[in-house]
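Report on one structure; see the data block that follows.
The values are calculated or read from the model by the stated rules, or taken from the named source; none is laboratory data. Being a predicted model, the structure only gives us computed values, none of them experimental. For neighbour counting, all protein chains shown are included, and Cβ atoms are generated from backbone atoms with ideal geometry for every residue, glycine included.
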Amino acid sequence: MKIFLRQIICTALCALMIFSLISCSLFKGDALEIGSVSMSEEVYAYYMSCYRPYWIYTFGEDDTEEFWSSSSGGVTVAEYLQDVSLTAIKTKLVAEYLFEENRLTLSDAKKQEIDSIISGLLLGIGGEEEFKKDELMQKLGLTVDDMREIFLKDAKAEAVQDYFYGESGKEVVNASDRDAYYNENYYRYKQVYIMDVDFVYDENGKIKFDKDGYAVTEELTDERWEEKFTHAQSLLERAEGGEDFDALIVENTEELSYDKYPYGHYFNKLTTNSDNYFSDISDTVADMKTDEVRLIKSNYGLHLIKKLALDEKGYEHTENKDDFKNFGELVEEEKFKKKLMSYFDKIEVDEDIIAKYPINEVIYSESWTYMF
């Protein structure tokens, strides 16, 4: 499945608090509609029931009132993720609409692939009888055939994306699209890295490496840490005083591979993971002005960071290929997302149905929920 269909969040944190999911006997109609294509209340409720555990898993949080009610800028997590989830669901509807409008079809092989996936999922939970016993499916009144249709919707979305952006697509990604995506979503920086450990050196004064090729390190004493911290502060003063930052890197960084990245490091604000090594750095760089220098502490040590202006077509630097993994696909996904969202004003929304399924209250099932 395409990245966009798996990771619709990209700009995560953006409502309703009325009722929890209730008996399927009250389902009355369609939640969303565009042209001749509609999404039933049952299917909408199912998608929301998938997104609830998806967000919990994505953010590594517990499903608690504290999480859902926490806020930023006056918007609660529940309100924001309700909006993000609804946006994702609307894109599914529009994709199906474009599938029908362009008279596209799914191959028999694709349909058989979906049947195999359904069979595998059923096998994993103990068969169709267990599926029927699932509380979520009982509440929603969904059958295995309904689930197959849900999988088909995603297949149709993939087909639409290929129709527009595949090798012979009608709107293939071009240089202008790549430049726009790069300029809108990437940041660039250089750093002097001071580790929270020390390298171990051999008798020749060279860093020792273990059998797996990793540098051998040792823990710091309190005195040694204070020494490193004081040194990092002095480097900050020198950088702010106008000393050449590249020279400071060469003389002081403990990042062994720094010389492999003459242009510095790049990151995509839409794909940066909040719990990885770069999260402290990326959050800081995003908040900085071009050419500003800051000293921060992370779980890995000290980082003297200088934010740099984006250079032209930085995504073409072969030295930074790791910073631009899946770049072409990401550009395509963004272009597809914008195309789908351009149809949102044509969607008819039943607000009463939407209000029945707030993301923080909708029922869900860990045993079957289809994680996108």
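Points to keep in mind about this one:
- The residues on offer are Phe267, Phe327, Phe336, Phe344, and the sole one that is hydrophobic (A, V, I, L, M, F, W, C) and either out of contact with any helix residue (DSSP H, G or I) (no Cβ under 9 Å at 6 or more places or on another chain) or modelled with pLDDT under 95 (or both) is Phe267.
- Test for Val144: is it surrounded by 14 or more Cβ atoms within 10 Å (Cβ to Cβ) and either touching a Pro at 6+ places or on another chain (Cβ under 6 Å) or under 30 Å from Tyr263 (Cα atoms) (or both): no
- Among all residues of segment 56-65, there is none that is of a type in the set (A, V, I, L, M) and touching a strand residue (DSSP E or B) at 6+ places or on another chain (Cβ under 6 Å).
- Among residues of segment 32-82, those that are of a type in the set (Val, Ile, Thr) and not in a strand (DSSP E or B), counted: 5
- Among all residues of segment 212-224, there is at least one that is touching a helix residue (DSSP H, G or I) at 6+ places or on another chain (Cβ under 8 Å) and of a type outside the set (Val, Ile, Thr).
Condition check ((1) under 19 Å from Leu152 (Cα atoms); (2) aromatic (Phe, Trp, Tyr); (3) in contact with a helix residue (DSSP H, G or I) (Cβ under 6 Å, 6 or more places away or on another chain); (4) modelled with pLDDT of 95 or more) across all residues:
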{"site": "Gly74", "(1), (2), (3), (4)": "no, no, no, no"}
{"site": "Ala78", "(1), (2), (3), (4)": "no, no, yes, yes"}
{"site": "Asp83", "(1), (2), (3), (4)": "no, no, no, yes"}
{"site": "Ile89", "(1), (2), (3), (4)": "yes, no, yes, yes"}
{"site": "Val94", "(1), (2), (3), (4)": "yes, no, yes, yes"}
{"site": "Leu98", "(1), (2), (3), (4)": "yes, no, yes, yes"}
{"site": "Glu101", "(1), (2), (3), (4)": "yes, no, no, yes"}
{"site": "Leu106", "(1), (2), (3), (4)": "yes, no, yes, yes"}
{"site": "Ala109", "(1), (2), (3), (4)": "yes, no, no, yes"}
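- Residue identified as outside any strand (DSSP E or B), at pLDDT below 95 and not small (Gly, Ala, Ser) among Asp280, Asp291: Asp280
- Within segment 32-59, the only residue that satisfies the criterion of being crowded, with 22+ Cβ neighbours inside 10 Å and among the acidic types (Asp, Glu) is Glu41.
Per-residue answers, yes or no, for (1) basic (Lys, Arg); (2) in a helix (DSSP H, G or I); (3) buried (at least 18 other Cβ atoms within 10 Å of the Cβ):
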position: Tyr315; (1), (2), (3): no, yes, yes
position: Glu329; (1), (2), (3): no, yes, no
position: Ile353; (1), (2), (3): no, yes, yes
position: Lys356; (1), (2), (3): yes, no, yes
position: Ile359; (1), (2), (3): no, no, yes
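- Odd one out for Thr230, checked against (1) among the β-branched types (Val, Ile, Thr); (2) part of a helix (DSSP H, G or I); (3) surrounded by 11 or more Cβ atoms within 10 Å (Cβ to Cβ): (3)
- Qualifying residue in segment 124-136 (condition: assigned by TED's automatic domain parsing to the domain that holds Leu340, within 23 Å of Lys356 (Cα to Cα) and surrounded by 15 or more Cβ atoms within 10 Å (Cβ to Cβ)): yes
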